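The values are calculated or read from the model by the stated rules, or taken from the named source; none is laboratory data. Nothing here was measured: the structure is a model prediction, and the numbers come from that model. Cβ placement follows ideal geometry from the backbone for every residue including glycine, while neighbour counts extend to all protein chains displayed. Ligands, DNA and RNA are excluded from the accessible area calculation, which covers all protein heavy atoms including side chains. Shrake-Rupley method; radii C 1.70, N 1.55, O 1.52, S 1.80 Å.
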Amino acid sequence: MQIPALAAVVLAACIACASPPARAQAPIVIKFSHVVAPETPKGRAAEHFKALAEQRTGGRVKVEVYPNSQLYRDREELEALQLGAVQMLAPSLAKFAPLGVKEFEAFNLPYIFPSKKALYTVLEGRIGRNLLQKLEPKGITGLAYWDNGFKIMSANKPLLQPADFAGLRMRIQASKVLDAQMRALGAQPLALAFSETAPALRDGVVEGTENTPSNMFTQRMHESQAHLTLSNHGYLGYAVIVNKKFWDGLPRELRSILERAMADTTAFEKAIAERANDEALEAIRRSGKTTIHTLTPAQQAAWRRALAPVTTQMQARIGQDVVEAIRHAVAR
Ligand code: LMR
């Protein structure tokens, strides 16, 4: 009996040496900052990614989502990402010029995409992939494109003809292409952070703006805009980006789980974006605060004529090769 008892003690001691008491490991935290409301396509997708990432990594990764510019406004969030203060963002494609990648502004050119299908040919094809690659030397890895939709215009007067824009102070995202677009219509563009837009409309700092219905409704912009025009003159979408050092430093296995979670979230986002915008437009209509206008074919033609010079003006800034490649891709 002596020998087995001793063996048991030795065995227990060996097990204790081989595996020290398990200590709960702190999860890896991904701070995901964005500027819009949780109910928007981007806000819902951020929450979807959080749920997938946390569940599929068994809690080894924790995603903290900060919506509505809670942490940073537009420009600041890009700096915070590069400094590593946050790990993930999904800025609008209009907001990449401060990183020195002006090519993304091609997505803001008026009427460049005749349909969502044409847009996706570009985003998911070689052009979209090459653009994400251009972020790498900036310390940023591009993971995916997320959709929002085509933009509408708003003001306190009907915007039916280009002449209706004369002298109107219009809020834009900080993009030279959008600046040129508003000037081509005869308006005075003013670049404001997204978080400043609804208050600026309320206080009369600006008189109108452009955005998607989901962004307008969730910030209640329509409450101080009596007229909306369903112009669909330009596109609003996002690139989901991460701090490259952080991403490359993740254990390989976790990174591939997160890449899969991002791919699945992107499919989810693409499936909900259009419906979310249709519902937001319907909610604006039901609010009774805003008259919604549809352009006649003649009015549409006049908008297109007024905005046609913008692409020529902006081509040198964006890169003629990118603009031509997009034109070629959407014509196929
Ligand atoms: C805006 O500033 O209007 C948009 O970029 C906000 C957003 O992220 O959709």
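The residue pairs whose first member lies in region 31-42 and is among the hydroxyl-bearing types (Ser, Thr, Tyr), whose second member is more than 7 Å from the ligand (Cβ to nearest atom) and open to solvent by less than 10 Å² (accessible area, probe 1.4 Å), and whose beta carbons are closer than 6 Å, counting only pairs six or more residues apart or on different chains, are SER33/GLU77; SER33/VAL86; SER33/LEU89; THR40/SER214.
One line per residue, one yes/no per condition, for (1) touching a residue at least 40 places away in the same chain (Cβ under 8 Å); (2) open to solvent by less than 10 Å² (accessible area, probe 1.4 Å):
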| residue | (1), (2) |
| --- | --- |
| ARG60 | yes, no |
| GLU64 | no, no |
| PRO67 | no, no |
| ARG73 | yes, no |
| GLU77 | yes, yes |
| LEU81 | yes, yes |
| ALA85 | yes, no |
| LYS95 | yes, no |
| LEU119 | yes, yes |
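Examine region 270-286 for a residue that is among the charged types (D, E, K, R), under 22 Å from the mean Cα position of the chain (by Cα) and open to solvent by less than 50 Å² (accessible area, probe 1.4 Å), and state whether such a residue exists.
In the first step, residues of region 270-286 are kept if they are among the charged types (D, E, K, R); the result is 270, 274-275, 278-279, 282, 285-286.
With under 22 Å from the mean Cα position of the chain (by Cα) added as a condition, the list becomes 270, 274-275, 278-279.
Next cut, open to solvent by less than 50 Å² (accessible area, probe 1.4 Å) only: none.
The answer is no; no qualifying residue exists.
Filtered by the rule that a residue be within 16 Å of the ligand (Cβ to nearest atom) and of a type in the set (Lys, Arg), region 233-284 gives a lone residue, LYS270. Looking at this structure, is PRO110 farther than 21 Å from GLU269 by Cβ, surrounded by fewer than 21 Cβ atoms within 10 Å (Cβ to Cβ) and away from the ligand (no atom under 11 Å from the Cβ)? No: the conditions fail for PRO110. I'm told LYS62 meets every condition in (1) modelled with pLDDT under 90; (2) more than 16 Å from the ligand (Cβ to nearest atom); (3) closer than 28 Å to PHE268 by Cα; (4) of a type in the set (Lys, Arg) except one. Can you identify the failing condition by its number? With (1) modelled with pLDDT under 90; (2) more than 16 Å from the ligand (Cβ to nearest atom); (3) closer than 28 Å to PHE268 by Cα; (4) of a type in the set (Lys, Arg) applied to LYS62, the lone miss is (1). Counting residues in region 55-71 that are part of a helix (DSSP H, G or I) and touching a Phe, Trp or Tyr at 6+ places or on another chain (Cβ under 8 Å) gives zero. When the criteria are applied in full, VAL206 fails the requirement of being within 15 Å of the ligand (Cβ to nearest atom), not acidic (Asp, Glu) and not in a loop (DSSP other than H, G, I, E, B). For first residues located in region 218-239 and at positive phi, partners that are in a helix (DSSP H, G or I) and surrounded by fewer than 24 Cβ atoms within 10 Å (Cβ to Cβ) and lie 6+ apart or on another chain with Cβ distances below 8 Å form the pairs ARG220/ALA198.
Checking each residue in region 209-220 for being near the ligand (Cβ under 10 Å from one of its atoms), part of a helix (DSSP H, G or I) and not hydroxyl-bearing (Ser, Thr, Tyr) picks out ASN215, MET216. Of the residues making up region 206-246, those that are aromatic (Phe, Trp, Tyr) and open to solvent by 10 Å² or more (accessible area, probe 1.4 Å) are PHE217, PHE246.
One residue stands out in region 182-203 among those that are out of contact with any strand residue (DSSP E or B) (no Cβ under 6 Å at 6 or more places or on another chain) and in a loop (DSSP other than H, G, I, E, B): the one that is surrounded by the most Cβ atoms within 10 Å (Cβ to Cβ), namely LEU185.
Looking at the structure I just gave you, is ILE140 more than 16 Å from the ligand (Cβ to nearest atom) and either open to solvent by 10 Å² or more (accessible area, probe 1.4 Å) or not small (Gly, Ala, Ser) (or both)? Spelling it out, ILE140 is indeed more than 16 Å from the ligand (Cβ to nearest atom) and either open to solvent by 10 Å² or more (accessible area, probe 1.4 Å) or not small (Gly, Ala, Ser) (or both). Residues that are over 22 Å from the mean Cα position of the chain (by Cα), open to solvent by 40 Å² or more (accessible area, probe 1.4 Å) and of a type outside the set (Lys, Arg) within region 247-261 comprise ASP248, GLY249, PRO251, GLU253, SER256, listed in sequence order.
Quick one: would you say ALA193 is of a type outside the set (Val, Ile, Thr) and either touching an Asp or Glu at 6+ places or on another chain (Cβ under 6 Å) or at pLDDT below 95 (or both)? Please lay out each step first, then the result.
Numbers: of a type outside the set (Val, Ile, Thr): yes; either touching an Asp or Glu at 6+ places or on another chain (Cβ under 6 Å) or at pLDDT below 95 (or both): yes.
So ALA193 passes the test.
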